[in-house]
Amino acid sequence: MSLLSHFCRRIRLTGPISVGELMQDVIMDPKHGYYPQAARIGHKGDFITAPELTPVFGEIIGAWSLLYWQQAQLPINVHFTELGPGRGTLMRDIIDTVGIIGPAFFGKAPKLSASLIEISEQFIAEQEKLLCGNVRNPITPQQIFDNPNYLTRTGLHKARFKWYSMLDHLPDDRPTLYVMNEFLDALPVNQFQKTEEKGWVEIMVDVEKDENKLFYTTYKTGRSIKVDQDKDYAKLPVGTQIEHSPMSGKVVTALSERIAKSGGAALIIDYGEDQMSTELTFRAFKNHQQVNPLEDLGLCDLTADVNFRDLKKSIAEVDGVKAHGPITQSSFLTLMGIGERFRQLYSRVPEEKQDSIIHAHNFLCSPEEMGDRFKVLCVTRESDPVPFCFEGASS
Ligand SMILES: C[S@@+](CC[C@H](N)C(=O)[O-])C[C@H]1O[C@@H](n2cnc3c(N)ncnc32)[C@H](O)[C@@H]1O
């Protein structure tokens with residue numbers, strides 16, 4: 001049975017579901033879900049991410065991590081945690097950079113380790129191959145859900161890699177650099193609309209009577225009653241539509257609590273705005289084209305913009321930590337010297353490859369591409385120094 005037929009049957013049995021429920025289940029259904037089974041990242045896939053475009057992106061995150069490690073005077077066992085590592089490319093480039101320049105930086109080789117939070121069997125296999133050279137035994141969905149830490153291996157630069165299904169399962173007793181690139185935009189959002197008669201109502205997904213076709217409708221739900229009670233939204237005019245991602249809030253709260261307890265920092269990189277949400281951004285991509293999210297379920301990427309203002313509110317509720325930024329991806333990369341790095345590469349590659357270097361730089365930094373749409377938010381302990389690149393951007 002296709003995922004669309006499955007959802008149509010489910011909605012006929014149980015009634016309309018929220019956009020958030022649809023997003024979560026379509027993306028993560030172990031049998032037919034997009035990430036466990038069908039996700040395609042890269043030029044030939046449905047969408048491309050910065051690390052898949054050029055290793056320079058991961059090099060820069062690796063170099064920033066070393067600078068921060070030194071600024072915060074952390075012990076030289078460097079531990080990373082990545083949420084939603086996709087094909088593992090970013091972690092490979094970070095570990096490679098820290099493995100190569102770490103010894104000169106610290107005066108001796110740092111002991112490296114990394115935790116990866118992932119529940120897609122397809123991506124776990126790709127990550128294991130890239131970071132450890134091969135796949136020892138393919139991980140099954142059952143293993144992922146039965147074992148908090150379902151895989152441990154040594155790999156690149158003798159780093160110890162551990163895979164977990166949830167952040168909650170990870171020990172929280174050591175300083176850690178948390179990295180998320182295009183992870184939060186994959187987490188479910190709920191959508192609401194302000195009406196004259198009923199106040200805020202929730203946008204839900206229902207099924208056509210005699211057809212396997214989904215459509216949007218609105219209902220007064222428990223969640224929309226909570227929006228009615230939120231003073232922030234009271235002044236918005238009738239007709240306004242907003243989006244909320246409670247799960248993203250929970251993730252950054254959990255990260256912040258871990259940083260408050262044991263030190264370290266988080267870099268959150270994603271597309272979105274730093275202001276109150278007043279438009280709906282839930283959408284789908286297939287073959288780099290935007291498509292209808294209610295068709296081709298499980299075969300296209302579902303995503304929504306990240307609301308950095310909401311993330312900062314969640315971080316501010318945790319004692320002992322501070323949010324820095326967000327700053328634009330272009331500012332972050334430029335301050336970290338991406339221009340100089342690309343100039344070096346440009347002068348070293350054969351002429352026929354020079355265009356691809358210019359293209360990668362423009363794609364990451366120009367305001368029309370990722371440069372302004374993508375933001376970088378950093379979380380550190382309140383007592384730690386303001387991290388490099390975020391001077392003047394702390395709230
Ligand atoms: C858009 S991809 C990110 C790709 C990668 N970070 C990069 O930069 O190329 C989203 C990643 O998050 C993972 N993911 C999505 N929802 C998740 C969840 N609820 N729990 C754990 N991993 C999840 C996916 O399997 C995938 O690895």
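Descriptive notes on the structure:
- Residues of segment 154-173 satisfying the condition of being more than 11 Å from the ligand (Cβ to nearest atom) and assigned to a loop (DSSP other than H, G, I, E, B): 155, 159, 170, 171, 172, 173
- The set of residues in segment 359-395 that are over 27 Å from residue 71 (Cβ atoms), charged (D, E, K, R) and in contact (Cβ under 8 Å) with a residue 60 or more places away in the chain contains only 373.
- Within segment 191-298, strands (runs of 3 or more DSSP E) holding 1 or more residues that are surrounded by fewer than 19 Cβ atoms within 10 Å (Cβ to Cβ) and of a type in the set (Gly, Ala, Ser): 199-207
- Only residues that are within 12 Å of the ligand (Cβ to nearest atom), in contact (Cβ under 8 Å) with a residue 24 or more places away in the chain and within 19 Å of residue 189 (Cβ to Cβ) were counted in segment 21-45, giving 10.
- Test result for residue 229, in the same structural domain as residue 167 (by TED's automatic domain parsing) and not aromatic (Phe, Trp, Tyr): no
- Complete set of residues in segment 110-138 that are within 14 Å of the ligand (Cβ to nearest atom) and of a type in the set (A, V, I, L, M, F, W, C): 114, 116, 117, 119, 123, 124, 125, 130, 131
- Among the residues of segment 101-109, none qualifies, meaning not one is surrounded by 17 or more Cβ atoms within 10 Å (Cβ to Cβ), assigned by TED's automatic domain parsing to the domain that holds residue 69 and within 16 Å of the ligand (Cβ to nearest atom).
- Among the residues examined, residue 318 qualifies as assigned to a loop (DSSP other than H, G, I, E, B) and either buried (at least 21 other Cβ atoms within 10 Å of the Cβ) or in the same structural domain as residue 180 (by TED's automatic domain parsing) (or both).
- The residues of segment 44-61 that are of a type outside the set (Phe, Trp, Tyr) and under 17 Å from the mean Cα position of the chain (by Cα), listed by number, are 46, 48, 49, 50, 51, 52, 53, 58, 61.
- Hey, residue 176 among the hydroxyl-bearing types (Ser, Thr, Tyr), in contact (Cβ under 8 Å) with a residue 40 or more places away in the chain, more than 16 Å from the ligand (Cβ to nearest atom) and crowded, with 20+ Cβ neighbours inside 10 Å or not: yes
- In summary, helices (runs of 4 or more DSSP H) completely within segment 15-100 and bearing 1 or more residues that are outside the structural domain of residue 113 (by TED's automatic domain parsing), at pLDDT 95 or above and crowded, with 19+ Cβ neighbours inside 10 Å occur at 19-28.
Table: residues versus (1) among the acidic types (Asp, Glu); (2) closer than 30 Å to residue 222 by Cβ; (3) touching a strand residue (DSSP E or B) at 6+ places or on another chain (Cβ under 6 Å).
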residue	(1), (2), (3)
10	no, yes, no
15	no, yes, no
33	no, yes, no
40	no, no, no
50	no, no, no
56	no, no, no
65	no, no, yes
68	no, no, yes
88	no, no, no
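- Pairs are defined by a Cβ separation below 6 Å, a sequence spacing of at least 6 or placement on different chains, a first member in segment 144-164 that is assigned by TED's automatic domain parsing to the domain that holds residue 134 and within 20 Å of residue 76 (Cβ to Cβ), and a second member that is surrounded by 14 or more Cβ atoms within 10 Å (Cβ to Cβ) and among the basic types (Lys, Arg); the pairs so defined are 154/160; 161/153.
The values are calculated or read from the model by the stated rules, or taken from the named source; none is laboratory data. All figures in this text were calculated on a predicted structure; none of them were measured in a lab. Heads up, the Cβs are rebuilt from the backbone with ideal geometry, glycines too, and the neighbour counts pull from every protein chain shown.
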